[in-house]
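Worksheet: one structure, shown below.
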Amino acid sequence: MSKTKTQLKQNKQPRSAVKKETDALAWQDCTWKRVPCGRDECPICGRIRREREDHIARGEDPDSIEAAIADVDNYFQETFLSLSSDIKRQKISPGRTKGSVNTPPPPLEFILYNKVLGWRDGIYKIADESDDTSSTWLFTEAGEDLLWYANTLLAKIYRQLANRWRMEKGENPDEEYAYTGRVLAECLRILKGSLGELSAMNITQKKEFGIARLFLTALEREIISI
C-alpha cells in the first residue's frame, strides 16, 4: 500500500538534517544555473576551466566541436569506470538489476508535469512569435532567465515527482528530495521575478507575461508541496 502524504510528512527528517543534505549536494548547483559560479574549486566550473586549459596547451580550439566531443567522451569514460567500481564494490550483477529497480512513470503520466509543460510551451510560443520589432526582451537578463529556468523548472518538477513516487514505494531518496525542493523554490523565485520585470516593460508581450506570472503563482503551492 502506498503511503499517504501525512505519513510521508511524518517521516521527514529534522530541519538540521535536511540542511546538511542540501549542502552536501550544493556542488550540483552549476549543473542547472544559467550563470555558474566560475570558481576553480567548483567540481563543475573547475573541470571546465581545466579542460579549456588542456585544449589550449595542445594547440586546440577549446570552443570547437571536436574539443566538445572529446570532453564528453572523457566524461563518459570516467562515469563508466565509476559505475563499474560501484558494481564491483557492492557485488551487484548487472544482469540481475533489470526488474529489481523501481522505475517511475514517464513525465506525461503526472498531472502536474502536464500543467507546467503547457505553461512552458506558452512561454516559448511567445518567444517564437516575437518578430524583429518586438524581440528586444529576449536579450535582457529577465528574458534569458525566463527561457532558461522555464525548462529547468520542468525538468526538476519531474525529478521531484519521481522522488515522491519512490518515497511512496518505500525508498528513501531523502538527500535528493531535499535538494530538488530547494532548486524548485529557487527556480520559482527567479521565474516570478523575471515575469514581473517583463510585464512591467513597455513591450508588446507585457500582458502575456503578466498572465504567465499569475498562472505560475497559482501552481506554486502545488509545485513546492510535491
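The values are calculated or read from the model by the stated rules, or taken from the named source; none is laboratory data. Fair warning: this is a prediction, and the values are worked out from it, not measured in the lab. Glycine also receives a Cβ, built like all others from the backbone with ideal geometry; neighbour counts cover every protein chain displayed.
Here Lys169 clears all of (1) in contact with a helix residue (DSSP H, G or I) (Cβ under 6 Å, 6 or more places away or on another chain); (2) farther than 24 Å from Lys33 by Cβ; (3) basic (Lys, Arg) except the condition numbered (1). Looking only at the range 125-149, how many residues end up being within 15 Å of Ser199 (Cβ to Cβ) and aromatic (Phe, Trp, Tyr)? Number of matching residues: 1.
Of all residues in the range 124-166, those that are closer than 23 Å to Lys33 by Cβ and of a type in the set (Gly, Ala, Ser) total 6. The residue of the range 202-226 that is farthest from Met167 (Cα to Cα), among those that are touching a residue at least 40 places away in the same chain (Cβ under 8 Å) and aliphatic (A, V, I, L, M), is Ile203. The single residue among Arg49, Arg120 that is assigned by TED's automatic domain parsing to the domain that holds Glu144, closer than 26 Å to Arg34 by Cα, modelled with pLDDT of 75 or more and assigned to a helix (DSSP H, G or I) turns out to be Arg120.
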